[in-house]
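The values are calculated or read from the model by the stated rules, or taken from the named source; none is laboratory data. Keep in mind that what you see is a predicted model, and the values were worked out from it rather than measured. As a convention, Cβ positions derive from the backbone with ideal geometry for all residues, glycine included, and neighbour counts pool all protein chains shown.
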Amino acid sequence: MWISAVEASLLGGFLCLDRIVLQIMLSRPVITAPLIGLALGDPLTGLMAGAITELLWIDRFPMGTYLPPNDTIAAVLMTAGAIIAGKHTGGVSPELLAAAVLLFVPAAYIARQLDMLIARSANAAATAAVKDARSGDARGIAVRHYTSLAKTFVLSSVFIFTLLMPGTVLLVYMFPALPDCCMRTLAMVYWFIPVLGFAVALATIKVRGGLPVFAGLLLVAMILFGLW
């Protein structure tokens, strides 16, 4: 469990860098979660968790000074938590994935505070880099750049690991002990999530006019949910 949690945390921290540096969509949940699942030996669960996370926050995007919930970290936690717990409880079931989603959804909003801390640190580094540029200190600019990257990677990785370990332990020991009524509720939650995502997507379509994209995403998500 420890080794898998460390692997997921380090990979998740690396993927979080895409939110501030590369920005080539690697940090989107539909990409991040399958990559985490692939690293842990269960890409299908990663694909499912990614679809769930993408639908939940598909209407939240950074605009101006607004920082949306960190869906990248949420996707990592949901995927890794479900897969690691599944290895100790007889496999990942829809009920276990639903439990992982409910458990780790708040992490996206907590991680937003981490994003604010990183943004303030980056602003300070950028101001210092401007001073280095004025003085002709190219090495100082490079050091500040790489220091900011390293800080983001370390903070994201530690944050993921700090929440992933206790959350996974809770799933391992609490999930098998849940009564049948709770299992039936989790099964309904599993099917309710795409419906909720559909409502969120409709609101987004009204704002951004992306009907074909979101309709296609929803259709794929529903097919995957049904097949799984």
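Summary table below
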| quantity | calculated |
| --- | --- |
| Residue ranges of helices (runs of 4 or more DSSP H) in the stretch 13-94 with at least 3 members among the small types (G, A, S), at pLDDT 90 or above and closer than 26 Å to M116 by Cα | 71-89 |
| Residues (more than 23 Å from F14 (Cβ to Cβ) and among the hydrophobic types (A, V, I, L, M, F, W, C)) located in the stretch 86-100 | V92, L96, L97, A98, A99 |
| Of residues in the stretch 142-174 being more than 17 Å from the chain's Cα centre (by Cα) and buried (at least 17 other Cβ atoms within 10 Å of the Cβ), the one nearest to V21 (Cα to Cα) | S148 |
| Pairs with Cβ under 8 Å, 6+ apart, first in the stretch 133-158 and within 18 Å of N123 (Cα to Cα), second surrounded by 12 or more Cβ atoms within 10 Å (Cβ to Cβ) and among the hydroxyl-bearing types (S, T, Y) | S148/S121; K151/S121 |
| Pair list, Cβ < 9 Å and 6+ apart or interchain, from the stretch 11-38 residues that are crowded, with 22+ Cβ neighbours inside 10 Å to residues that are assigned to a loop (DSSP other than H, G, I, E, B) and among the aromatic types (F, W, Y) | P29/W57 |
| Qualifying residue in the stretch 39-60 (condition: in contact (Cβ under 8 Å) with a residue 60 or more places away in the chain, of a type in the set (S, T, N, Q) and touching a Gly at 6+ places or on another chain (Cβ under 6 Å)) | no |
